[in-house]
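The values are calculated or read from the model by the stated rules, or taken from the named source; none is laboratory data. Computed from a predicted model, the values in this text were never measured in an experiment. Neighbour counts are summed over all protein chains in view; Cβ atoms, including those assigned to glycine, are modelled from backbone coordinates with ideal geometry. Areas reflect the complete protein model, heavy atoms only, side chains present, ligands, DNA and RNA absent. Shrake-Rupley method; radii C 1.70, N 1.55, O 1.52, S 1.80 Å.
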Amino acid sequence: MTDDSRRPPKFPLALDRVARGSARPADRTLRPQRLVQSAVTDAQRLRPPTGHGLDSDAVRRRMVERLRTDGLTSEPVLAALARVPRHCFVDSGLVAQAYEDTSLPIGLGQTISKPSVVGRMLALLQQRAEAVGRRDLGRVLEIGTGCGYQAALLGELGRSVVSIERLQALHELARERLAPLRRHNLRLVYGDGRLGHAPQAPYDSIIAAAGGEDLPPAWLDQLAVGGRLVAPMAGGPRGGQVLLVVDRDEQGLREQRHEAVHFVPLKSGTD
Ligand code: SAH
């Protein structure tokens, strides 16, 4: 009979013995803990790097599925929300919350809107486009670029987008954050959005991300026939805001008031 204890035990057998706690510490040939550890390390190496874990489509898809469950049904809007990386538009310290349904600070007292509210407003625009036989949002005007997230979504859904911001620092930040997306149909303008942007009017879709006491006349002047405007506006319950929808047809303007909302104030002039 050979003396097995002098030979290195065979690998599977040894692991089995270790698992049962029978390995001898004196056995220098086999270091099962290290092997198991290496196996774990190797297995981890096989996984693709994921950064914060937020750059993966899966995180965004989960957000989109939640929005769908909560009643957002517009497929083009859901698809755009699944494509645009929201975490790239918030400060690094807030990245972990980027795919929660929450508004987040973007500096200078402003906020990026909740995905559900952004989705709701975009769906109202998309619904109108489909009702008048347009495949997309057409020519779009956004008032309140903020960090540029909604502008990126509009770039996915519209043919051309003009987005206006009155705070220069945010206008420049949005430019930086949008650059990697290479959306060539997006034009960022620094100015007072209450005046709209006459050079590219009329617009098929107008959307405001800030709410005022009244509807600036320029917005209605620049709304195309067959177009829709969606904006938060004073006049909601308990002195709050309401989501206002205005459609322009051959016959004139038609207004609908939807749910109560809460947006930052629409201000006049630039900083
Ligand atoms: N859509 C933005 C939301 C930004 S919050 C996003 O996705 O991040 C609303 C923005 O409207 C703020 O940045 C604020 O500065 C801007 N705003 C308020 N009044 C404005 C005006 N008159 N013209 C242009 N921008 C305005």
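Go through the stretch 124-156 and give me each residue that's open to solvent by 10 Å² or more (accessible area, probe 1.4 Å), in a helix (DSSP H, G or I), more than 9 Å from the ligand (Cβ to nearest atom) and in contact with an Asp or Glu (Cβ under 7 Å, 6 or more places away or on another chain). Hit for the stretch 124-156 is R128, nothing else.
Residue-by-condition table, conditions (1) modelled with pLDDT under 95; (2) open to solvent by 30 Å² or more (accessible area, probe 1.4 Å); (3) under 28 Å from the mean Cα position of the chain (by Cα); (4) away from the ligand (no atom under 14 Å from the Cβ):
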residue	(1), (2), (3), (4)
R228	no, no, yes, yes
V242	no, no, yes, yes
D249	no, yes, no, yes
Q256	no, yes, yes, yes
D271	yes, yes, yes, no
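Scanning the stretch 66-88 for residues that are over 12 Å from D101 (Cα atoms), assigned to a helix (DSSP H, G or I) and either among the aromatic types (F, W, Y) or open to solvent by 10 Å² or more (accessible area, probe 1.4 Å) (or both) turns up R68, T69, E75, P76, A79, A82, R83, H87, C88. Summed over the stretch 162-217, residues that are among the small types (G, A, S), in a loop (DSSP other than H, G, I, E, B), within 13 Å of the ligand (Cβ to nearest atom) and surrounded by fewer than 23 Cβ atoms within 10 Å (Cβ to Cβ) total 2. All conditions in (1) aliphatic (A, V, I, L, M); (2) open to solvent by 10 Å² or more (accessible area, probe 1.4 Å); (3) within 16 Å of the ligand (Cβ to nearest atom) hold for A260, with the sole exception of (3).
Across the stretch 218-271, the qualifying residues are those that are of a type in the set (V, I, T) and in a loop (DSSP other than H, G, I, E, B), and the one among them that is nearest to L167 (Cα to Cα) is T270. For the stretch 92-123, filtering for residues that are open to solvent by 20 Å² or more (accessible area, probe 1.4 Å), more than 12 Å from the chain's Cα centre (by Cα) and either within 12 Å of the ligand (Cβ to nearest atom) or among the hydroxyl-bearing types (S, T, Y) (or both) leaves 7. Cβ separations smaller than 7 Å between residues 6+ apart or across chains give the following pairs from the stretch 141-153 residues that are among the acidic types (D, E) to residues that are near the ligand (Cβ under 7 Å from one of its atoms) and assigned to a helix (DSSP H, G or I): E142/Q150; E142/A151.
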